[in-house]
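Read through the structure below, which is laid out as structure tokens, and then see the notes.
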Amino acid sequence: MRETCIFCRIVSNEARAAIVYRDEQVTAFRDIHPVAPTHILVVPNRHIESVNALEAEDERLMGHLFIVAGKLAREEGIDRGGYRLIVNTGADGGQTVFHLHVHLIGGQRMMHPMG
Ligand code: 5GP
Ligand code: ZN
């Protein structure tokens, strides 16, 4: 738990968020500035800065995080239409919150990210 990290504070209930899923390993909540009808962030409960900081022991955790993202996509009803999972990493990758998170974005047709 990092006192200065907004996602750690959401995980520990010190900061408010619209939480849609929580278990012993991960928490999911709605993005405060949604870019599509569904925009959920899935984060590990433990503070991990980014993909850069992942270690071999995190393999199950990251697998679980993606399983939860898929389950939430089904619950949101966007699994058939499709959706996008994004993990921005570092400044060049557009990461602004340095607590690893997967964006689950869907509910509308999206432009291809590579143009
Ligand atoms: P990044 O740019 O790091 O990939 O994504 C960070 C995301 O966190 C952004 O989409 C931003 O809107 C969201 N965000 C930042 N602060 C908060 C917050 O306090 N609450 C919630 N629910 N989302 C946040
Ligand atoms: Zn954190």
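Values for this structure:
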{"read-out": "Number of positions in region 79-115 that are away from ligand 1 (no atom under 14 Å from the Cβ) and either under 19 Å from H33 (Cα atoms) or charged (D, E, K, R) (or both)", "value": "9"}
{"read-out": "Whichever residue in region 17-33 is within 8 Å of ligand 1 (Cβ to nearest atom) and loosely packed, with under 13 Cβ neighbours inside 10 Å and, among such residues, is nearest to A69 (Cα to Cα)", "value": "A18"}
{"read-out": "Residue identified as in a strand (DSSP E or B), over 13 Å from H101 (Cβ atoms) and not charged (D, E, K, R) among V42, V20, V35", "value": "V20"}
{"read-out": "Lone unmet requirement of (1) surrounded by 17 or more Cβ atoms within 10 Å (Cβ to Cβ); (2) more than 10 Å from ligand 1 (Cβ to nearest atom) for I40", "value": "(2)"}
{"read-out": "Flag if M62 is more than 13 Å from ligand 1 (Cβ to nearest atom) and part of a loop (DSSP other than H, G, I, E, B)", "value": "no"}
{"read-out": "Unmet requirement for R84, which otherwise passes all of (1) under 12 Å from the mean Cα position of the chain (by Cα); (2) under 22 Å from M1 (Cβ atoms); (3) among the charged types (D, E, K, R)", "value": "(2)"}
{"read-out": "Residue check, A73 open to solvent by less than 60 Å² (accessible area, probe 1.4 Å), modelled with pLDDT of 95 or more and within 14 Å of ligand 1 (Cβ to nearest atom)", "value": "no"}
{"read-out": "Selection count, region 1-58, where residues are aliphatic (A, V, I, L, M), under 14 Å from the mean Cα position of the chain (by Cα), more than 18 Å from L72 (Cβ to Cβ) and within 13 Å of ligand 2 (Cβ to nearest atom)", "value": "2"}
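The values are calculated or read from the model by the stated rules, or taken from the named source; none is laboratory data. Quantities reported herein were computed from a predicted structural model and do not represent experimental measurements. Because the Cβ atoms are built from the backbone with ideal geometry, glycine has one as well, and the counts that use them run over all protein chains shown. Only protein heavy atoms, including side chains, enter the accessible area calculation; ligands, DNA and RNA are left aside. Shrake-Rupley method; radii C 1.70, N 1.55, O 1.52, S 1.80 Å.
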